[in-house]
Amino acid sequence: MTKLPEALLYIDGTLRRAEGGKTYDNIGPWTGDVIGQAADASEADVDAAIAAARRAFDSTDWSTNHQERFGLLRKLYDLFVANEARLVEIARLEVGAPWVAVNRAQVASSLGGWKELLDLFPKLSWEKDFGNKETYGFASRRKAVYEAVGVVGAITPWNFPFFVNTEKVVSALLAGCTVVLKPAPDTPLAGAIFGELAAEAGFPAGVFNVITSGDPAMVGERLVHDPRVDLITFTGSTATGKRIVREGAETMKRVFLELGGKSASMVLEDTPNFAQVVAQSMLVFHAGQGCAVTSRLLVPKSRYDEAKTVLKTASSAAKRRSHIMARTKPPPAQTPFTAAMTGFGTSRR
């Protein structure tokens, strides 16, 4: 059985194990077997990460040195591209993604989105002059200066960890924030590799930190309650998002939430190719674990039984196809990366 390396913490510029060497099992969803170990952070480890991020934001020029940030994030991007095969392995074994999901939405879209952020960065303006204005005999010179928010706590899900980790971490770091990343307990290595490669890229101590934990709530709770954390960005369930808003209000946190929904696909009675449209509404890609997929199907009562028959037939066919695709590698002529770039591009969702 293939084993993945241990997922380590990355705190204050150092890759290390959790306090007391505590770990938890990294479970592979294909078989339910243990495929590796992950550092099981303590409350003291979380506190150290928050303290490092706060210190790096308050006492270094990270937030104002735009070119340093851009250079390091570009160097980190190059390291991710060079380690694409490792990312594919993690997506396959830790996330449980079949090849089609690895190609389309796991690795390549993450790298594509990262590249788009790098391409956008030089076009940003950090100051805007609105000119002078005189009011009640007083002249005012008006200028807007765009500044980083501060310390960001990034809490990410397991279903598309590379993509969501990338969009949160890279965006925040490019903006001049310092970051504590808390990946889902189910996909620790998909977060820990960010710390490993950040250390290799030479990131300043404390600017970026990664905390893994087998406890699904402890790290997130501490990030949300700690007054040293200025912003929480969270992708996950609506119930947890509501809790973050309530608890974060105590310290006046800024909160960005991407929560689960129940998007509906509506198929009308006179829809051409009714059966085909109904069949294509099936949630089969990546076991239906996508934040922008339709998860309800509305059909007229007059065609309800027909729709049920179509879905039953489509479900049986999809199961057979998924089994084949999950166990079949891409053609040798295409790497997972090139297949993804041609088949899915850099579409966000």
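The values are calculated or read from the model by the stated rules, or taken from the named source; none is laboratory data. Quantities reported herein were computed from a predicted structural model and do not represent experimental measurements. Note that each Cβ is placed from the backbone with ideal geometry, even for glycine, and that neighbours are counted across all protein chains shown.
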TODO: Note down all Cβ pairs under 6 Å where the first residue falls in the stretch 210-239 and is free of Cβ contacts under 8 Å to residues at least 40 places away in the same chain, the second is assigned to a loop (DSSP other than H, G, I, E, B), and they're at least six residues apart or on different chains.
DONE: Pro216/Pro185; Ser237/Gly260; Thr238/Gly260
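Provide a single number: the residues in the stretch 18-41 that are within 22 Å of the chain's Cα centre (by Cα), more than 18 Å from Leu181 (Cβ to Cβ) and either assigned to a loop (DSSP other than H, G, I, E, B) or among the charged types (D, E, K, R) (or both). Working first, answer last.
Initially, the stretch 18-41 is screened for residues within 22 Å of the chain's Cα centre (by Cα), giving 24-30, 35-41.
Now restrict to residues that are more than 18 Å from Leu181 (Cβ to Cβ): 25, 27-30, 35-37.
The next check asks that each one be either assigned to a loop (DSSP other than H, G, I, E, B) or among the charged types (D, E, K, R) (or both); those that pass are 25, 28-30.
Summing the residues that are within 22 Å of the chain's Cα centre (by Cα), more than 18 Å from Leu181 (Cβ to Cβ) and either assigned to a loop (DSSP other than H, G, I, E, B) or among the charged types (D, E, K, R) (or both) in the stretch 18-41 gives 4.
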- [ ] Determine whether the stretch 109-119 contains at least one residue that is in contact (Cβ under 8 Å) with a residue 60 or more places away in the chain and more than 19 Å from the chain's Cα centre (by Cα).
- [x] no
Task: Residue within the stretch 129-144 that is out of contact with any strand residue (DSSP E or B) (no Cβ under 6 Å at 6 or more places or on another chain), surrounded by 10 or more Cβ atoms within 10 Å (Cβ to Cβ) and not in a strand (DSSP E or B) present - done: no
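If you take the residues in the stretch 93-128 that are aromatic (Phe, Trp, Tyr) and outside any loop (DSSP other than H, G, I, E, B), which one is surrounded by the most Cβ atoms within 10 Å (Cβ to Cβ)? Before the answer, list the steps.
Taking the stretch 93-128 first, the residues aromatic (Phe, Trp, Tyr) are 99, 114, 121, 126.
Checking the rest, the ones that are also outside any loop (DSSP other than H, G, I, E, B) come to 99, 114, 121.
Values: Trp99: 19, Trp114: 25, Phe121: 17.
In this case the residue turns out to be Trp114.
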Task: Elements of type strands (runs of 3 or more DSSP E) contained in the stretch 200-286, each with 2 or more residues being among the charged types (D, E, K, R) and touching an Asp or Glu at 6+ places or on another chain (Cβ under 6 Å) - done: none
Open item on the list: For the structure I just gave you, tell me whether Val151 is in contact with a strand residue (DSSP E or B) (Cβ under 8 Å, 6 or more places away or on another chain), surrounded by 14 or more Cβ atoms within 10 Å (Cβ to Cβ), under 28 Å from Met252 (Cα atoms) and not basic (Lys, Arg).
Closed with: yes
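Kindly establish whether Val100 is touching a residue at least 12 places away in the same chain (Cβ under 8 Å) and either within 27 Å of Thr238 (Cα to Cα) or not β-branched (Val, Ile, Thr) (or both).
Numbers: touching a residue at least 12 places away in the same chain (Cβ under 8 Å): yes; either within 27 Å of Thr238 (Cα to Cα) or not β-branched (Val, Ile, Thr) (or both): no.
In short, no.
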Open item on the list: Taking the conditions exactly as written (modelled with pLDDT of 95 or more, among the acidic types (Asp, Glu) and under 19 Å from Glu258 (Cβ atoms)), does Glu116 satisfy them or not?
Closed with: yes
Task: Pairs where the first residue, in the stretch 166-195, is outside any helix (DSSP H, G or I) and the second is charged (D, E, K, R), C-beta under 6 Å, 6+ apart - done: Thr187/Glu94
